[in-house]
Structures are given as structure tokens and as C-alpha cells.
Amino acid sequence: MDEEYGLSEEIQLVGTVKNVIFQNEENGYTVLRLDVGGDEPVTVVGCLPFAAPGEGLTVEGAWERHPSHGDQFKASAARRSLPVGERHIYEYLASGVVKGVGPATAALLVNRFGSRTLDVLSDDPDRLTDVKGISARRAREISETFRRQAGLRVLLEFLSANALRPEYAMRLYKLYGDGALEMVRANPYLIATDRVGGSFDEADALALSLGFEEDSPQRITAALVFEMVHNLNNGHSFLPREKLVAATAQLIGVDAETADECLDVLSDEGEAVIQPVANVTAVYLRRLYEAESCTAETLRSMAGEKLTPPAGLDRLIDDLERESGMRYASQQRQAIELAASRRLLALTGGPGTGKTTIIKAILRLYEELQIDCLLAAPTGRAAKRMTELTGQEAFTIHRLLGAAWAAEGDELVFRKNENEPLRCGAVILDECSMIDITLIHALLKALPRGCRLVLVGDADQLPSVGPGSFFLDVLRSGAVASVRLTEVFRQSGESRIISNAHSINRGAVPDLRENRGDFFFLQRGTGEKISATVVELCRERLPKNMGFDPGEIQVLTPTRKGETGTFALNRRLQEALNPPSPEKKEKIFGETVFREGDRVMQIRNNYDIVWCKGGDAAAIMDGKAAPGSAPETGTGIFNGDLGRILRIDTANELVWVDFDEKLTWYGYEQLGELEHAFAVTVHKSQGSEYRAVVLAAGRAPARLLSRDLLYTAVTRARELLIIVGDSIIVESMIENGRKTRRYSGLRARLAGEVQ
């Protein structure tokens, strides 16, 4: 067995299910005991929906060592067979796997039909009424349930035979019901859709094995859609037609002319939209086209609506100055005046230029004008910081809009929309550089008639992870009233973090030898030396010499891979800051060891996960919360949220995590949503601020070594920034001021250049 990961090589087990210990009906995750003919059954875990005692099971996978339960077999693929023989059939039905059948009914059925019981359930349900107590209606319900499970079983076997993950079967069945297998056979590329989650390569291999021709229209159109979806992850709202066609032709080895013809078919069917934008023929996925065009239409309408300023506005602003104890600069005063006279305002500026001062002033202005104002930001940490700085509760955009998964399928929906708008007269939205085109579209749909919107952000930071360049396009369009704050105020100007951030943004290299104040640079020439210094800073030097608790220090890096990437740094930092101990329980998940006390990050949006806030955490985890002391509860933990593992409950297979005082729990099967966060990428740190930042500036792909990435990293630090790395790499990042081009039509639409 592999000592580092606790996993053995792939093998096969064949046996009969003895009993099912745990089963999640939503995702099929199962823990069962399998009789393989030895002295004791073995424990098998994996996606095995509707598994039940008595059925035959062939599983492929590997052994892993559970810290509490010992050796168990982790199944990656499975083939199942219905039980044979009266005893196994009875065990199967008595388990409750078929709705409406319990031990008593199972005994009656097996006594009546013997070894043909399952054939009767499937093919001759009317005969079930021969059994005392089973009506015609109940007979139909029992038979329908059994046949439905049989359909899923066949689908699972089909996917397993084609080396596809069993999770896909659950998702396909959820979407298409009994017809799922037929639909997959007719169009294997359904597996590569967002809602199923397979890759194009997996779907393509299945299609070719089923006899699809290499130049079949289904294959080509699926490849076109795949290229467009894939490039959403690169930030593109659309692709130029010639680039899309060429990339698709190269991907699957067909000629460009055929791919171009299939693109017209996609357009005719409404799945793609083709439109001239900014001197190119743009091809959009329909949902991205609707998001971008509707966003542009709404923003243009709002930008064109001028409001009558309140009487005595100058005097009101003077009063705000006296109340705050400061004198507003001309740019700041202009921003406040525009907030009073426009429905839409964009405000941008770097660190120390007074964006927070303006947000607070506009809030007070709206309060004086009796306008209800909501505050929002794209991430939980950004919303928390906004709350702390303004004294008014701020929400994540997802929480504000009531994001949740649709009851049917896996589509994200928002409870707040044009039919149920927000209740407010204004919204101030911070960290707008992080917002993609689909999220701003959802927010705009939820704004009530006449609502004001103030967009705040730093346009020089990294763009959003999602598609589009919303905030930059708004500022560049010239169509929206905007103010760029450029004056760095005296107190902020004394910070070398802030002054050097502005130097970096201008393309000037700071004096890296001037190690004083709150900005330091430590020259290290190799990845090993960078990593060792980062660990030493976090474990010893900063806590002992500067009074920083390790939990207040965030390590950032441009990349996930390599000696200075998050994978390697997290392993070293975990060993240094939270080493193994008999007092700390662990859970091995794949290649990761989760340990009590670990710092972790949620890596995808989960709108359904339940959290509680307030109350005694230990009592809640023990299930002993005092009556009348029920904590506040809510749902949703989002991509980028940072937390700490409080407890690993091996008995109930739960991991309890504290996300900024929001206590939640993960079943072992959900641990793929977490990763260690002693070190995180700069991209993941957007919208956050940390008391101390250590930036590992080592080797990374050229596209990641950019000025805006370095600028974003530097501006994450509040009190202390230490860059550890090679000065040549830092200088090359500053020289690389080219922003990666994103295909977005929002600027052109706002400017009226698209008809």
C-alpha cells in the first residue's frame, strides 16, 4: 500500500452485498459490506446508488486506509447483477430498496413467487395482487419503482463498461429519467454538458466506440459547443467565428468548411448566436449573448437617466464633511454629487485613494435622502470587509439574490429577479472587477424600477474569473458617469505597500533593497529556497519578531504547480503549522490529508450547504445545543471562502468547518469541495484583505507573471507585505503590462456600436 497516500494499485473484487451501512440518495455515495468469500466481509465505498443486500457486485478500484475504520475499498467502477436465489432476493427486497416493500411484504412475495419474484415485479405486476394486502394501485407503484431502479442499473452498467464515472449516471437519470440510456446512445455528447460534468474527450471516445462517424454533425456541433464553453473559463464571452471554426477543426480533425457549416446549424437551432461585434463576427452561446446584450441595454437605460439633485446638495455635502471630520478632495466631491444626480455611477481607484470614504459618504447621503440602500460584494470575505468598514451589513451577491439550485436538475436559479425584485432604492456594489457578465446580469434583473446603482472597484486588478470584463468595459465605454480617484491621501501615502502598489501599476520597479516599514523583499534564487523561507517566516520569524499569529498570515503564489505552487507550499506549511498529533484526527481523501486545525478553502459554489452562526460550537457539533439557544442558520458556502477544520467526526463521517463564524459540516463524500489554504493563488485571493501577506515569487507560466497579478497580490496586504523570490521575476512581472485580451462585446454595446 502506498504509504504517502494510503492507496494501493487498481484491482477487482467480486462478491455479494451483505449490508449497506450508509447511502446518500442524492449523489449515490454508498458505504457497504461486501461478501467476497473470505472470513469477513470487506468495506466498499463509492458511487453505488440503490445498492442493496443480496445483489451481486463486481467493483474495480483500490484499497485505502481510513484513520478510524481501517482498510476499505474505494470503488471507481462497478458492475451489478440482481440477486439470484430466494434467500438473496428476500434480503434485497427486505432492505427497503424498492419503495413500498419491507420485510413482511418481501417474505410474502418470495413465498408466493420464489426465485421468479423479480421477474414478476418487472414484467407481470398484475400478479402482485395475488398477494394478500397488495392492491392494484400498490402493485403498479411497486413495479414502477423497481423498473426505474432497473433502468438506472442498466445505465450504470453501460457507463461502467465504457470506463465512465458512475456519478454521470445519477446526473443523467436525474435529468432524463427512464429515457436516459436511450438519449445517451443517441447523443453521447450529453455527457460533456455542464449539467452532467463529463469531459469532451470522454463523450467523444464513447461516441466513436458506438460507431459515430468522425465527421458526423453531432460530433462537430458538440465540439463547437465544447470550445465555446471551455473558453468561458478563459474569460471570453464570445469567440470570433474564424478562431472557433479553426480550433474545432483542429480539435477533432475535420475540415474547417464542414465545421463552419455545422456552426450555421447551431445558429439556426438557437443554441449559438452569430453577430458582428467590434469588427469581428462574434459567436456566442445563447445564454452569454442574452446576458451581455440585456446587461448593455439595462446599463444604457440607467446611464441615460439623470435625476434632479436634491435642494441644497452643496450644503448637505458640507454637513457630511463635518460629520466625518475630513475634507473631501475634488474627485471625491464629484463622486458624491453624481451619486445624488445619476441612477448609475462607476467609481474606480487604487489603494489609498479614498474609495471607502466615498462609499460611507454616499451611504450617509442616501440615508439623508431617505433612500434604502443595500451593500453587496462578489465574495464572502469582501462582503465582510465592507460590513466592517461601513458599519452596515453587506451581502454576497449570491446571498442577496437568493441563489439556489433548481428543484429539477442542477441549474442555478435566483429567487430575486424581475418577478420578485429586491426591496431597495439603491445598491452599492464593491469589488466590481471580480464580477462576470452572468452575475451582473442576474443582479440587474433584480433591481426594482428606479433603483440607483453605484459600481465600485479597482479596474487595474485581475479581471473576473468568469466570462467578460464587465467593470473595465463599463469604464472604457464612456457611456456611464464615472470617476477615477487618483490622489493618494497623506496617511495612506506613508504606507510603502500603497506607494509601491501605485509604482507597480505605472510600470515602475520599486526599490526592492529598501526593506523598511510595511514592504519587504527577500532575494531567493531557487524554488527550494523560496519555499523554505516562506515556511520559516510563517512558523517562526513573523510570529516571534513581529507579533503576527500564523492564522493572520496568508501565503500567496501565482501558480498551483511547481516548487512554489499551492500544492507544494500547502504540504510544507501544513507540516510546519499543523503537524500530525495524537490529539488531532485526520481524514485521507484522495491525495490530501485533512487534519483538525487545517486552514481550508471552498473551491466551488455550494448554494445548498447549511451553516449555523452563534451559539456554542462544541455543543452544536455534539448535538447538545441548549433548548432556546438555537443559532442563526442559512445556506451557501462559496468559491474562495476560507475556513478552519474544527473537528473530524469519524463515527458519523463528518468534517466540521468554521467559515468566519459560520459553522458547517461536510460528509466525507463532499471533501472534493475543499482544499488546503495555508497558501492560495493570487486569483483566489481577490476580494480579500489580510493583515500580513507573504508572496512566493517563483517560476510560473509566463501568462501568470503579469503586472496586474503582482499589483493584485500587493494590494491584498493591510499591514505587512513580504515578497520572497527572484528580483528578476518581480521585474519581469512589472514589465509585462499587457492585459490578456478577452473577447467581450459589452464596451461596444454600451457605446452604441452594435446594432
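The values are calculated or read from the model by the stated rules, or taken from the named source; none is laboratory data. Being a predicted model, the structure only gives us computed values, none of them experimental. Cβ: placed from backbone, ideal geometry, glycine included. Neighbour counts: every protein chain shown. With ligands, DNA and RNA removed, areas are computed over all heavy atoms of the protein, side chains included. Shrake-Rupley method; radii C 1.70, N 1.55, O 1.52, S 1.80 Å.
For this structure, a couple of remarks:
- Qualifying residue in region 188-199 (condition: in contact (Cβ under 8 Å) with a residue 12 or more places away in the chain, farther than 19 Å from Ala163 by Cα, more than 20 Å from the chain's Cα centre (by Cα) and open to solvent by less than 20 Å² (accessible area, probe 1.4 Å)): no
- Residue that is surrounded by the most Cβ atoms within 10 Å (Cβ to Cβ) [pool: residues in region 232-249 that are at pLDDT below 95 and out of contact with any Lys or Arg (no Cβ under 9 Å at 6 or more places or on another chain)]: Leu232
- The number of residues in region 436-470 that are of a type in the set (S, T, N, Q), within 27 Å of Thr486 (Cα to Cα) and open to solvent by 10 Å² or more (accessible area, probe 1.4 Å) comes to 2.
- Here is the figure for region 656-678: residues that are farther than 15 Å from Leu642 by Cβ and among the polar types (S, T, N, Q) total 1.
- Condition met for Ser688 (among the polar types (S, T, N, Q) and more than 18 Å from the chain's Cα centre (by Cα)): no
- Tally of residues being in a strand (DSSP E or B), under 30 Å from Ser581 (Cβ atoms) and in contact with a Lys or Arg (Cβ under 7 Å, 6 or more places away or on another chain) across region 47-70: 2
- Any hit, region 201-211, residues being open to solvent by less than 30 Å² (accessible area, probe 1.4 Å), over 27 Å from Glu60 (Cα atoms) and in contact with a Pro (Cβ under 9 Å, 6 or more places away or on another chain): no
- Listed conditions (1) open to solvent by less than 40 Å² (accessible area, probe 1.4 Å); (2) within 30 Å of the chain's Cα centre (by Cα); (3) of a type in the set (Asp, Glu); (4) more than 23 Å from Leu671 (Cα to Cα) are all met by Asp518, apart from (2).
- Options Glu292, Glu227: the member that is of a type outside the set (S, T, N, Q) and in contact (Cβ under 8 Å) with a residue 40 or more places away in the chain: Glu292
- Residue that is at pLDDT 90 or above and either open to solvent by 20 Å² or more (accessible area, probe 1.4 Å) or farther than 20 Å from Leu32 by Cβ (or both), where the choices are Arg116, Arg87, Arg147: Arg116
- Pair list, Cβ < 7 Å and 6+ apart or interchain, from region 713-735 residues that are in contact (Cβ under 8 Å) with a residue 12 or more places away in the chain to residues that are open to solvent by less than 50 Å² (accessible area, probe 1.4 Å) and acidic (Asp, Glu): Glu719/Asp518; Leu720/Asp518; Leu721/Asp518
- For Leu573: the one exception among (1) open to solvent by 10 Å² or more (accessible area, probe 1.4 Å); (2) within 20 Å of Lys684 (Cα to Cα); (3) modelled with pLDDT of 95 or more: (1)
- Test for Cys538: is it in a strand (DSSP E or B) and either closer than 30 Å to Ala702 by Cα or under 22 Å from the mean Cα position of the chain (by Cα) (or both): no
- Filter result for Ile609 (assigned to a strand (DSSP E or B), open to solvent by less than 30 Å² (accessible area, probe 1.4 Å) and either in contact (Cβ under 8 Å) with a residue 24 or more places away in the chain or of a type in the set (A, V, I, L, M) (or both)): yes
- When region 90-113 is filtered for residues that are open to solvent by 20 Å² or more (accessible area, probe 1.4 Å), touching a helix residue (DSSP H, G or I) at 6+ places or on another chain (Cβ under 6 Å) and closer than 19 Å to Leu57 by Cα, the ones remaining, listed by number, are Tyr90, Ala94.
- Qualifying residue in region 552-574 (condition: of a type in the set (Asp, Glu) and in contact with a strand residue (DSSP E or B) (Cβ under 7 Å, 6 or more places away or on another chain)): yes
- Taking the numbered list (1) touching a residue at least 12 places away in the same chain (Cβ under 8 Å); (2) in a helix (DSSP H, G or I) in turn, Leu208 passes all entries but (1).
- Region 134-149 residues that are touching a residue at least 12 places away in the same chain (Cβ under 8 Å) and closer than 14 Å to Leu118 by Cβ, paired with ones that are polar (S, T, N, Q) and in a helix (DSSP H, G or I) (beta carbon under 8 Å, 6 or more apart): Ser143/Ser122; Phe146/Ser122; Arg147/Ser122
- Listed here are the helices (runs of 4 or more DSSP H) enclosed by region 71-175 that have at least 2 residues being of a type in the set (D, E, K, R): 86-94, 117-123, 136-161.
- Residue in region 429-436 that is over 19 Å from the mean Cα position of the chain (by Cα) and in contact (Cβ under 8 Å) with a residue 40 or more places away in the chain present: yes
- Some residue of region 105-117 being free of Cβ contacts under 8 Å to residues at least 12 places away in the same chain and more than 19 Å from Pro53 (Cβ to Cβ): yes
- Residues that are touching a residue at least 12 places away in the same chain (Cβ under 8 Å) and charged (D, E, K, R), drawn from region 572-582: Arg572
- Qualifying residue in region 157-177 (condition: surrounded by 19 or more Cβ atoms within 10 Å (Cβ to Cβ) and at pLDDT 90 or above): no
- Residue check for Ile637: open to solvent by 40 Å² or more (accessible area, probe 1.4 Å), closer than 26 Å to Thr379 by Cβ and in contact with an Asp or Glu (Cβ under 9 Å, 6 or more places away or on another chain): no
- Restricting attention to region 450-474, the residues being within 22 Å of the chain's Cα centre (by Cα), part of a helix (DSSP H, G or I) and either of a type in the set (Asp, Glu) or over 25 Å from Arg423 (Cβ atoms) (or both) number 1.
- Arg423 vs. criteria over 22 Å from Val693 (Cβ atoms), of a type in the set (Lys, Arg), in a strand (DSSP E or B) and open to solvent by 10 Å² or more (accessible area, probe 1.4 Å): no
- Within region 304-321, being under 30 Å from Tyr743 (Cβ atoms) and either charged (D, E, K, R) or in contact with a helix residue (DSSP H, G or I) (Cβ under 8 Å, 6 or more places away or on another chain) (or both) holds for one residue alone: Glu305.
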